[in-house]
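Encoded as structure tokens, the structure appears first; notes follow it.
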Amino acid sequence: ASSKILFTYGTSIGHSYSPIITRITRDIEGGGYSAIFVGDAVGSRSRVTHGTVEGGTADTKKMTTVVLDSPSYTLTDVITYKIQWLAESGSTSYLNRSSAYADNYYNMIAMSSMTAIEVGA
């Protein structure tokens, strides 16, 4: 129950003309998801793990993170991690593909992954 969790993820998100933000959330034994490994609270700014600020062009972003998490839990608790992403209002985003979906060599189909490894105390 005092172990740490080495958590990694890589996402590929296509978007249409919008910044993209991602964050890691964690739930322990159904207690509700909480954001972890996010920036400090400053005004009304979003607290995120990753963010892109460029807008105006369609693009695909690959975001990768490695986090050593120290959750407070008991031995039989189930811990669930989730990645969330958000695109600016009025925009569209796509997991594992480009925003353009035409059948040609420069529009891609990608993959995302998450891995959680228990690191003994």
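The values are calculated or read from the model by the stated rules, or taken from the named source; none is laboratory data. Nothing here was measured: the structure is a model prediction, and the numbers come from that model. Here Cβ is always computed from backbone atoms with ideal geometry, including for glycine, and neighbour counts include all displayed protein chains. Side chains are part of the model used for accessible areas, which takes the heavy atoms of the whole protein and leaves out ligands, DNA and RNA. Shrake-Rupley method; radii C 1.70, N 1.55, O 1.52, S 1.80 Å.
Numerical summary
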read-out: Whole-number accessible area per residue in Å² for the chain, which is evaluated in the context of all protein chains at 1.4 Å; value: 61 Å²
read-out: Carbon plus sulfur fraction of accessible area for the chain, probe 1.4 Å, in percent; value: 53 percent
read-out: Average Cα contact separation per residue, the chain, under 8 Å, 6 or more apart, as relative contact order %; value: 46 percent
read-out: Enclosed volume per residue, in Å³, of the convex hull spanned by Cα atoms of the chain; value: 124 Å³
read-out: Candidates T52, T74, T92: whichever shows maximal mean-square fluctuation once the chain is modelled as a Gaussian network with Cα springs under 10 Å; value: T74
read-out: Positive-end residue of M114, S91, L6, charge dipole of the chain with Cβ unit charges; value: S91
read-out: Fully extended contour minus Cα-Cα distance, from M114 to S2, at 0.36 nm per residue; value: 38.1 nm
read-out: Of V42, V67, V78, the one that fluctuates the most in a GNM where the chain has Cα springs shorter than 10 Å; value: V42
read-out: Under DSSP loop assignment and at most 12 Cβ neighbours within 10 Å, longest chymotrypsin sites (Phe, Trp or Tyr not before Pro)-free interval of the chain; value: 1-100
